[in-house]
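Notes follow the structure.
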Amino acid sequence: MSAPSDSFDTAQVPEPKVSEREARQVAEAAREQGWRKPSFAKELFLGRFRLDLIHPHPAPPAEDVRRGEAFLATLREFCETRIDGAQIEREARIPDEVVDGLKELGAFGMKIDRKYGGLGLTQVYYNKALALVGMANASIGALLSAHQSIGVPQPLKMFGTQEQKDAFLPRLARTDISAFLLTEPDVGSDPARLATTAVPDGDDYVLDGVKLWTTNGVVADLLVVMARVPKSEGHKGGITAFVVEADSPGITVENRNAFMGLRGLENGVTRFHQVRVPAANRIGPEGAGLKIALTTLNTGRLSLPAMCVGAGKWCLKIAREWTAAREQWGKPVAHHEAVGEKISFIAATTFALEAVVDLASQMADEDRNDIRIEAALAKLYGSEMGWLMADELVQIRGGRGFETADSLAARGERAVPAEQVLRDMRINRIFEGSTEIMHLLIAREAVDAHLAVAGDIIDPDKTLSDKAKAGAQAGAFYARWLPKLVAGPGQLPNSYAEFHPKGHLDLSAHLRYVERTSRKLARSTFYAMSRWQGRMETKQGFLGRIVDIGAELFAMSAACVRAEMLRTQGEHGREAYQLADVFCRQSRIRVEELFTRLWSNTDDVDRKVVNGVLAGTYTWLEEGVIDPSGDGPWIADATPGPSQRDNVRRPIR
């Protein structure tokens with residue numbers, strides 16, 4: 001290994017300046033190309049309702065269930081006896097003894113194979129475990145999820161060498177905490193502008209840069225770091241993933257960030273100054289970092305909606321108990337329609353969201369289907385619906401919902417942390433891809449089949465001959481595809497008859513609606529592509545609504561399939577059918593509203609107002625403002641160089 005050199009010049013690799021087109025090319029190159037396995041959601045967006053891909057509901061092997069349930073029982077006891085969520089909220093820190101206890105249980109190795117000392121749980125039971133600890137305290141769920149869903153274990157499991165697995169996975173299963181470092185002060189969902197560099201130097205790479213919002217970064221022992229390798233002789237270059245020891249010389253955790261929720265989160269700002277990382281610690285080839293990150297997230301995204309399921313269950317419990325006890329105008333408030341509809345929404349949505357997460361998780365375990373869209377839809381839908389359920393609980397609780405648990409306890413009432421759950425849930429619409437970014441990501445995958453055959457027609461870089469060839473391909477594809485969008489099983493009254501068993505509500509009608517609506521969705525997408533062509537990517541409002549319709553259809557499908565599974569198993573089948581029916585009725589109203597807003601909206605006039613706001617046309621409207629914001633730049637300086645601040649890293653041992 002080469003010795004560090006004080007004369008090493010980080011200025012030789014300037015912060016990249018990229019155009020919008022170049023940024024899109026980087027994102028496109030990181031996508032998983034092609035579809036080697038079937039995808040229920042992909043087919044749904046194409047107007048093909050492939051119920052056979054999800055029904056009968058896939059079931060886990062009995063041994064996986066036995067081991068998973070045994071661990072959940074142990075974890076539940078730990079949560080009930082060793083975790084004080086109120087203490088974590090007050091002190092804004094997870095006690096070391098709680099972290100140590102979780103390590104002893106093996107909770108940090110839930111997804112790590114048993115041959116490396118992990119528990120080797122399935123995705124289904126990993127998600128159930130996260131939902132459980134998330135109910136005890138959401139910061140603990142985030143700690144474990146960041147460690148295993150996006151931290152070092154998952155990338156190594158999928159892309160690491162055997163030597164890397166042998167070296168790191170045993171540590172990560174029992175003793176070490178990991179973090180994922182991609183975001184930078186001026187780089188969020190646009191990784192083409194990534195400024196952190198990894199310059200080859202002998203047998204090492206030398207890292208320089210600053211990373212922001214490093215969940216677990218304050219307490220981590222091992223880091224996954226995304227850095228840009230400059231292209232040079234013998235080096236392909238590009239954004240690359242590295243495993244980095246958190247105590248390496250030159251690493252400084254400069255700040256532990258504080259947030260409106262998840263107060264126990266160990267999230268910080270980490271600076272790298274001439275940090276030497278052995279080439280043996282590189283994960284995959286140079287330039288594969290973003291692809292590794294996105295592929296890891298294909299299943300990693302399921303952890304977040306799993307915790308939203310846990311929150312939904314808790315919201316339902318509190319709503320039930322409170323509205324039965326609280327009387328208004330001579331009867332429990334639950335029996336007032338304005339409150340009752342909120343309770344119904346929470347119950348039905350919790351059922352459907354659990355159906356989505358469990359179905360996608362079981363599909364991930366079986367590995368028969370490509371679930372990149374399903375996982376993304378679960379994250380999108382779970383985060384949005386989870387937030388709405390928490391918000392409705394606060395409304396149901398009224399003034400007590402706005403009051404802190406400590407204040408409630410101080411005046412002699414039950415310490416219900418409804419406002420805390422609302423604060424904790426808010427980040428889910430931003431974590432691991434904001435709702436707006438998820439809309440674009442899913443929309444890109446949803447129109448992949450169209451771009452595969454017709455993309456060259458709207459690509460300005462393609463020649464006339466390329467466009468002509470693409471035109472012929474597109475003509476052949478649409479000649480076969482479009483006629484199939486006219487009619488289907490959804491128009492036949494006896495389709496999906498097994499979902500209308502004797503003595504139960506009729507779910508077959510909802511599945512027929514999903515089939516008909518998936519074809520309508522595909523027709524709408526095709527019409528929009530024909531109308532806007534190359535400008536389609538700028539129609540983010542339209543694309544977001546298309547994706548939201550697909551999310552509702554996926555959730556309806558999952559809810560019906562889960563209800564039928566519970567019926568055949570004899571587990572609350574009648575009640576499950578009722579919840580699925582109510583959810584589908586609520587969902588269908590939302591879908592129809594979204595279809596109306598596809599073509600009847602304020603997108604164009606909104607754009608004009610935005611231009612006016614940015615041009616200063618409406619600054620008169622801001623007159624009289626008292627701005628409590630402090631001084632300072634909007635984005636902190638992230639110039640590479642030695643740290644000028646104390647290291648606040650706090651390893652837990």
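The values are calculated or read from the model by the stated rules, or taken from the named source; none is laboratory data. Remember, it's a predicted structure, so these values are computed and weren't measured experimentally. Don't worry about glycine lacking a Cβ; one is built from the backbone with ideal geometry, like all the others, and counts go over all protein chains shown. All accessible areas refer to the heavy atoms of the entire protein, side chains included, with ligands and DNA or RNA removed. Shrake-Rupley method; radii C 1.70, N 1.55, O 1.52, S 1.80 Å.
Look at region 73-94: where a residue is farther than 15 Å from residue 107 by Cα and a partner is of a type in the set (Gly, Ala, Ser) and open to solvent by 50 Å² or more (accessible area, probe 1.4 Å), sitting 6+ places away or on another chain with Cβ atoms under 9 Å, you get 86/409; 86/415; 92/258. Could you check region 389-438 and list, in sequence order, the residues that are basic (Lys, Arg), over 26 Å from the mean Cα position of the chain (by Cα) and either open to solvent by 30 Å² or more (accessible area, probe 1.4 Å) or closer than 27 Å to residue 378 by Cα (or both)? Of everything in region 389-438, those that are basic (Lys, Arg), over 26 Å from the mean Cα position of the chain (by Cα) and either open to solvent by 30 Å² or more (accessible area, probe 1.4 Å) or closer than 27 Å to residue 378 by Cα (or both) turn out to be 400, 411, 414. In this entry, residue 222 passes the filter for residues that are under 25 Å from the mean Cα position of the chain (by Cα) and at pLDDT 95 or above.
Okay, residues lined up against (1) outside any helix (DSSP H, G or I); (2) on the phi > 0 side of the Ramachandran plot; (3) buried (at least 24 other Cβ atoms within 10 Å of the Cβ):
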| position | (1), (2), (3) |
| --- | --- |
| 112 | yes, no, yes |
| 115 | no, no, no |
| 126 | no, no, yes |
| 142 | no, no, yes |
| 146 | no, no, yes |
| 154 | no, no, yes |
| 157 | no, no, no |
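Note on region 251-290: residues that are part of a strand (DSSP E or B), within 26 Å of residue 158 (Cα to Cα), of a type outside the set (Lys, Arg) and open to solvent by 40 Å² or more (accessible area, probe 1.4 Å) total 1. For region 307-332, the tally of residues that are open to solvent by 20 Å² or more (accessible area, probe 1.4 Å) and either within 15 Å of residue 398 (Cα to Cα) or at pLDDT 95 or above (or both) stands at 14.
With respect to residue 484, determine if the residue is surrounded by 13 or more Cβ atoms within 10 Å (Cβ to Cβ), modelled with pLDDT under 95, among the charged types (D, E, K, R) and not in a loop (DSSP other than H, G, I, E, B). Against the criterion (surrounded by 13 or more Cβ atoms within 10 Å (Cβ to Cβ), modelled with pLDDT under 95, among the charged types (D, E, K, R) and not in a loop (DSSP other than H, G, I, E, B)), residue 484 qualifies.
With the requirement that a residue be hydrophobic (A, V, I, L, M, F, W, C) and either farther than 30 Å from residue 561 by Cα or open to solvent by 80 Å² or more (accessible area, probe 1.4 Å) (or both), what does region 596-610 give you?
599, 605, 609, 610
Each residue in region 433-472 was checked for being under 18 Å from residue 47 (Cα atoms) and not in a helix (DSSP H, G or I), and 1 of them qualify. Only one of the numbered conditions (1) crowded, with 24+ Cβ neighbours inside 10 Å; (2) over 30 Å from residue 103 (Cα atoms); (3) basic (Lys, Arg) is not met by residue 211, and that is (2). Among the residues of region 82-98, not a single one is assigned to a helix (DSSP H, G or I), more than 18 Å from residue 417 (Cβ to Cβ) and open to solvent by less than 20 Å² (accessible area, probe 1.4 Å). Taken over region 521-545, the criterion of being open to solvent by 10 Å² or more (accessible area, probe 1.4 Å) and closer than 21 Å to residue 375 by Cα is satisfied by 540, 543, 545.
Against the conditions (1) open to solvent by less than 60 Å² (accessible area, probe 1.4 Å); (2) more than 27 Å from residue 546 (Cα to Cα), residue 500 satisfies every one except (1). Taking every residue in region 579-595 that is under 14 Å from residue 346 (Cα atoms) and pairing it with any residue that is among the basic types (Lys, Arg), at least 6 positions away or on another chain, the pairs with Cβ-Cβ distances below 9 Å are 580/562.
Inspection of region 31-50 identifies at least one residue that is part of a loop (DSSP other than H, G, I, E, B), open to solvent by 20 Å² or more (accessible area, probe 1.4 Å), within 30 Å of residue 193 (Cα to Cα) and aromatic (Phe, Trp, Tyr). Among residues of region 114-125 that are under 14 Å from residue 71 (Cβ atoms), those with a Cβ under 8 angstrom from a residue that is crowded, with 20+ Cβ neighbours inside 10 Å and among the acidic types (Asp, Glu), sequence gap 6+ or separate chain, pair up as 124/358. Scan region 628-644 and give yes if some residue there is surrounded by 10 or more Cβ atoms within 10 Å (Cβ to Cβ) and more than 29 Å from residue 186 (Cβ to Cβ), otherwise no. The answer is no, given that none of the residues of region 628-644 is surrounded by 10 or more Cβ atoms within 10 Å (Cβ to Cβ) and more than 29 Å from residue 186 (Cβ to Cβ). State whether the residues of region 611-621 include one that is open to solvent by less than 100 Å² (accessible area, probe 1.4 Å), within 31 Å of the chain's Cα centre (by Cα) and of a type in the set (A, V, I, L, M). No, region 611-621 has no match at all.
Checked against (1) open to solvent by less than 20 Å² (accessible area, probe 1.4 Å); (2) among the basic types (Lys, Arg); (3) at pLDDT 95 or above, residue 301 passes all but condition (3). Residue pairs whose Cβ atoms lie under 8 Å apart, sitting 6 or more positions apart in sequence or on different chains, and linking a residue in region 163-187 that is free of Cβ contacts under 8 Å to residues at least 24 places away in the same chain to a partner that is crowded, with 23+ Cβ neighbours inside 10 Å, are 187/194. If you scan region 351-367, which residues turn out to be over 14 Å from residue 122 (Cβ atoms) and open to solvent by 10 Å² or more (accessible area, probe 1.4 Å)? Across region 351-367, the qualifying residues are 351, 354.
Would you check if residue 342 is over 22 Å from the mean Cα position of the chain (by Cα), assigned to a helix (DSSP H, G or I), at pLDDT 95 or above and basic (Lys, Arg)? Yes. Scoring residue 305 on the criteria (1) of a type outside the set (Gly, Ala, Ser); (2) over 30 Å from residue 52 (Cα atoms); (3) not in a loop (DSSP other than H, G, I, E, B) leaves a single failure, condition (2).
Of the residues 571, 575, 552, 593, the single one that is farther than 30 Å from residue 467 by Cβ and open to solvent by less than 40 Å² (accessible area, probe 1.4 Å) is 552. On the stretch given as region 439-470, residues that are open to solvent by 50 Å² or more (accessible area, probe 1.4 Å) and more than 25 Å from residue 302 (Cα to Cα) total 15.
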